[in-house]
1. What do you get for the angle between helix 167-176 and the principal long axis of the chain? Use alpha-carbon atoms, 0 to 90 degrees, nearest ten.
2. With the cut-off at 29 Å, tell me which of the pairs Lys24/Lys133; Lys163/Lys220; Lys63/Lys163; Lys63/Lys220 have Cα atoms farther apart than that.
3. Using a 10 angstrom cutoff on alpha carbons, build the Gaussian network for the chain and name the most mobile of Thr41, Thr108, Thr173.
4. Name the residue, out of Pro221, Pro82, Pro166, whose mean-square fluctuation peaks in a Gaussian network model built on the chain with Cα pairs under 10 Å.
5. Calculate how steeply helix 135-145 sits against the longest principal axis of the alpha-carbon atoms of the chain, using the helix alpha-carbon long axis, and give the answer as 0 to 90 degrees to the nearest 10.
6. Quickly estimate the mean residue ellipticity at 222 nm for the chain, helices only: each DSSP H run with n ≥ 4 gives -39500 (n - 2.57), and the total goes over all residues, rounded to 500.
7. Could you pull out the GluC sites (Glu not before Pro) across region 40-145 that fall in loop regions by DSSP (anything but H, G, I, E, B) with no more than 14 other Cβ atoms inside 10 Å?
8. Of (1) 14.2; (2) 12.4; (3) 13.3, which is the value of mean projected area of the Cα convex hull in nm² derived from the coordinates here?
Amino acid sequence: MRVQQPRNPRTGVGKRLPGYMARKNFDLIVFDWDGTLMDSTAIIVKCIQAAAKDLGLPIPDNKAAAHVIGLGLGEALQMAMPGLEASQYPRVVERYRYHYLAQDQDLTLFDGVREMLADLSQQGYFLAIATGKSRVGLNRALHETKLLSVFDATRCADETFSKPHPAMLQELTRELGQDLKRTVMIGDTTHDLQMAINAGAAGIAVQYGAHPAHELNALKPLFSATSTPQLHDWLINNA
C-alpha cells in the first residue's frame, strides 16, 4: 500500500512518511500542457495561420504550424514563418495572442486527464508542468480548469530556456528535490522528448497531439500512448 506524501502548504514539497513505499521507476512526472493535457493543437495551428493572414504574410501549412507547438511563442512563430524581418515578429505575436485569447476559454482537457491527474496525485507522485506557454497563459489555463492545486511545480518558456534545452526539467527537479533519473517527461512533440534526453530523464510520448507518431517513436520513448486512458493505465502499472 502506498502512503501519500503530505505536501508543505508553502512549497508544495512532499515528505516521505513511515510505511511509504518507493515507486517502481519514477517519483516526479512532468507533463507538457498543449496537446498533452489540453486539446488545443488544432486551435493553435489556426491561430498561427490567422496571424499570418492578418498581416498579409505567407500562411504556414498545418504541418509547419503544428511542428512548432511546444516552443516559446516567439521562437515558434519565427520557425513557422522564417525569413521575416525581426521587426515583423512582435506584430505576429500580437495577432496570434488576439486570436488565441478570443477562444481559449472554449478549450477543454482531453478525456480522462482530470481523473488521471487526481489518481497520480493520490498515489503520491510529484506532478509538474513544463510548457511552451507563457506564465500568464499557463496560470489562466490552470485557473480555468481548476488544476492549479494539482501540480507541485511548473515552468514556462518565458521563465527559462525553451525546449528542447534541458533547463525546465533541471529546474523542476532542483525545486522539488528530485532526481532526474527518477523523472519522466510526457509530451506530444519531439521537443518534449528531446528535452528529456538532453536532461537525462525518461520520456513518454502521446500520439494525439501535434507531432506524428513516427517522429515521436524515432526518439525511442519508454512508451507511446494513443489515448489518455492508455497513458494513465501505463503509468499506474509501470511508473
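None of the figures in this text is laboratory data; all of them are computed from the coordinates on show. For clarity, every value in this text was computed on a predicted model and none was experimentally measured. Cβ placement follows ideal geometry from the backbone for every residue including glycine, while neighbour counts extend to all protein chains displayed.
1. So the inclination is approximately 30 degrees.
2. Checking Cα-Cα distances, Lys24/Lys133 exceed 29 Å.
3. It is Thr108.
4. Pro82
5. That helix lies at roughly 60 degrees to the long axis.
6. -12000 deg cm²/dmol
7. For GluC sites (Glu not before Pro) across region 40-145 that sit outside H, G, I, E and B with at most 14 neighbouring Cβ atoms in 10 Å, the list reads Glu85.
8. Recomputing mean projected area of the Cα convex hull in nm² here gives the entry labelled (2).
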